[in-house]
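Here's the structure we're looking at; comments come further down.
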Amino acid sequence: MSKTIDFLGESAAVLQLKNLALKVSQTEVTVLITGETGSGKEVLARFIHSNSRRSHNNFVPVNCGAIPAGILESELFGHEKGAFTGALQSRKGYFESADKGTIFLDEIGEMPLETQVKLLRVIETGEFQRVGSSETVYSDTRIIAATNKKLPQAVAEKNFREDLYYRLHSVELHIPPLRERGRDVLLLSEYFIRQFEQKHGISFEGFTNDAAEALLRYNWPGNVRELKNLLESLLILEKGRQISPEILDRHLVQRNRYKSLVHDPDKSEKHELSLIYSSLIKLHQEISDIKQLLRQQPENLHEAPPKKPLLLPPPLPEQPPQKESQQETEVQTLESLEKKAIADALETFGGNKRQTAKALGLNERTLYRKIRRYDLGNEH
Ligand SMILES: Nc1ncnc2c1ncn2[C@@H]1O[C@H](COP(=O)(O)OP(=O)(O)O)[C@@H](O)[C@H]1O
Ligand SMILES: [Mg+2]
């Protein structure tokens with residue numbers, strides 16, 4: 001817990017950043033860390049914590065974007081027994097766990113407005129209430145927040161409270177993207193390669209000069225995380241042999257092709273959405289086909305189609321029971337369509353209710369209700 005974390009790098013930009021971070025770590029001020037994804041926001045937050053007088057207490061990272069909006073508040077502030085359905089026990093939240101330590105609120109831009117109100121109060125007074133309780137709890141927690149989003153834009157769009165933004169923004173540490181850190185790319189590469197050599201028991205023959213130049217020229221959209229992942233797969237897949245620019249290119253192209261589908265959060269969200277929509281459209285087509293079938297063969301709806309009586313007058317063209325049962329089939333099919341769409345979307349988003357709700361254009365409460373109704377809860 002008191003392990004010292006370093007933020008590696010010797011470029012002027014990084015040295016300046018570390019210098020500022022060290023100054024800040026000696027104070028209690030709330031910090032906002034900004035930077036692209038993979039640029040090291042969490043590493044910097046840990047660096048500040050481990051250099052502060054709080055280093056012997058907890059560092060509690062919370063990804064505000066990954067916790068469904070409906071439960072984020074109870075995760076942060078805890079809840080009392082019976083505060084909501086399913087709250088069988090009272091439970092302390094992250095703020096209480098981080099007492100005398102540091103809480104790291106990652107992706108703060110994703111925090112719902114109601115929770116932002118409570119957060120602002122904690123920042124100002126250190127006070128909050130567990131969900132379902134009126135008792136005030138005090139926590140001595142240092143707050144570090146981070147975002148890869150442009151918060152001023154979120155403020156302008158009324159998705160982020162202006163007062164909270166100014167409170168967080170009092171000290172902003174901006175991490176430059178890796179492509180602006182010059183030869184740090186090589187320094188970090190060396191460090192990660194040593195780690196992976198040990199981890200996998202493979203020794204690395206190094207990069208050719210041209211390949212090292214190519215590493216310096218590449219723009220690293222996924223920043224340090226991308227570099228780290230690339231090096232690990234280079235080492236394993238090329239079994240430690242020397243890396244030429246051609247080999248490097250091949251891996252970068254392959255990774256980017258894969259990444260454009262999966263890794264980049266923006267792109268992958270779009271891809272997932274298009275999958276959901278295309279599966280909805282396919283299901284819709286299936287429903288239309290079923291409807292058409294029903295229209296063409298109404299007798300199929302009955303187990304024993306009425307025989308044409310020879311003496312009685314022929315049945316009316318629209319028999320009420322027939323219509324009813326047709327409707328029933330249709331309603332059932334629509335429900336199963338909805339159930340399937342929700343189950344599929346939940347799976348696509350790894351059970352994340354917030355993203356699922358967003359993708360399906362439902363509000364989250366409605367989604368929860370439907371999950372309960374279709375009994376989809378246990379699968380995620
Ligand atoms: N300066 C650095 N020194 C050492 N490791 C780093 C550095 N920056 C990033 N990393 C590593 O890169 C990965 C991504 O860092 P992280 O802090 O999670 O990025 P972010 O939170 O900005 O997306 C992690 O595995 C982290 O250990
Ligand atoms: Mg992060």
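The values are calculated or read from the model by the stated rules, or taken from the named source; none is laboratory data. Computed from a predicted structure; not experimentally measured. Virtual Cβ from ideal backbone geometry, glycine too; neighbours counted across all protein chains shown.
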Item to complete: From (1) under 30 Å from E226 (Cα atoms); (2) more than 16 Å from ligand 2 (Cβ to nearest atom); (3) touching a strand residue (DSSP E or B) at 6+ places or on another chain (Cβ under 8 Å); (4) of a type in the set (S, T, N, Q), pick out the condition that doesn't hold for S139.
Response: (1)
Item to complete: Determine, yes or no, whether F207 is of a type outside the set (V, I, T) and either without any contact (Cβ under 8 Å) to a residue 40 or more places away in the chain or over 18 Å from E42 (Cα atoms) (or both).
Response: yes
Fill in: Among the residues listed as A87, A45, A66, the single one being more than 14 Å from ligand 2 (Cβ to nearest atom) and outside the structural domain of R225 (by TED's automatic domain parsing)
A87
Item to complete: Go through the residues of the stretch 162-169 one by one and say whether even a single one is in contact (Cβ under 8 Å) with a residue 40 or more places away in the chain and more than 22 Å from D99 (Cα to Cα).
Response: yes
Worksheet item: Given the conditions (1) closer than 29 Å to R53 by Cβ; (2) touching a strand residue (DSSP E or B) at 6+ places or on another chain (Cβ under 9 Å), which single one is not true for Y166?
Response: (2)
Worksheet item: H263: surrounded by 18 or more Cβ atoms within 10 Å (Cβ to Cβ), out of contact with any Phe, Trp or Tyr (no Cβ under 7 Å at 6 or more places or on another chain) and modelled with pLDDT under 95, yes or no?
Response: yes
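Hey, among the residues in the stretch 8-31 that are in contact with a strand residue (DSSP E or B) (Cβ under 8 Å, 6 or more places away or on another chain) and outside any helix (DSSP H, G or I), which one's farthest from ligand 1 (Cβ to nearest atom)? Working first, answer last.
Of the residues in the stretch 8-31, the ones in contact with a strand residue (DSSP E or B) (Cβ under 8 Å, 6 or more places away or on another chain) are 17, 20-21, 24, 28-31.
In the following step, the residues that additionally are outside any helix (DSSP H, G or I) were identified as 28-31.
Details: E28: 22, V29: 20, T30: 18, V31: 14 Å.
Among them, the one singled out is E28.
Return yes when I5 is outside the structural domain of S90 (by TED's automatic domain parsing), assigned to a loop (DSSP other than H, G, I, E, B) and either of a type in the set (D, E, K, R) or within 16 Å of ligand 2 (Cβ to nearest atom) (or both) and no when it is not.
Working: outside the structural domain of S90 (by TED's automatic domain parsing): yes; assigned to a loop (DSSP other than H, G, I, E, B): yes; either of a type in the set (D, E, K, R) or within 16 Å of ligand 2 (Cβ to nearest atom) (or both): yes.
So I5 passes the test.
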Item to complete: Write out, first by first residue and then by second, each pair whose Cβ atoms fall under 6 Å of each other, whose residues are 6+ apart or on separate chains, and whose first residue, in the stretch 54-70, is under 22 Å from G351 (Cβ atoms) while the second is hydrophobic (A, V, I, L, M, F, W, C) and more than 13 Å from ligand 2 (Cβ to nearest atom).
Response: C64/M111
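Could you please find all residues in the stretch 194-240 being assigned to a loop (DSSP other than H, G, I, E, B) and under 32 Å from the mean Cα position of the chain (by Cα)? Don't jump to the end; show me each part of the working.
So the first thing to find is which residues in the stretch 194-240 are assigned to a loop (DSSP other than H, G, I, E, B), and the list is 201-206, 208, 218-222, 238-240.
Matches in the stretch 194-240: Y218, N219, W220, P221, G222, E238.
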Discussion item. Can you name every one of the strands (runs of 3 or more DSSP E) wholly within the stretch 32-130 that holds 1 or more residues which are acidic (D, E) and within 16 Å of ligand 1 (Cβ to nearest atom)?
Written reply: 102-106
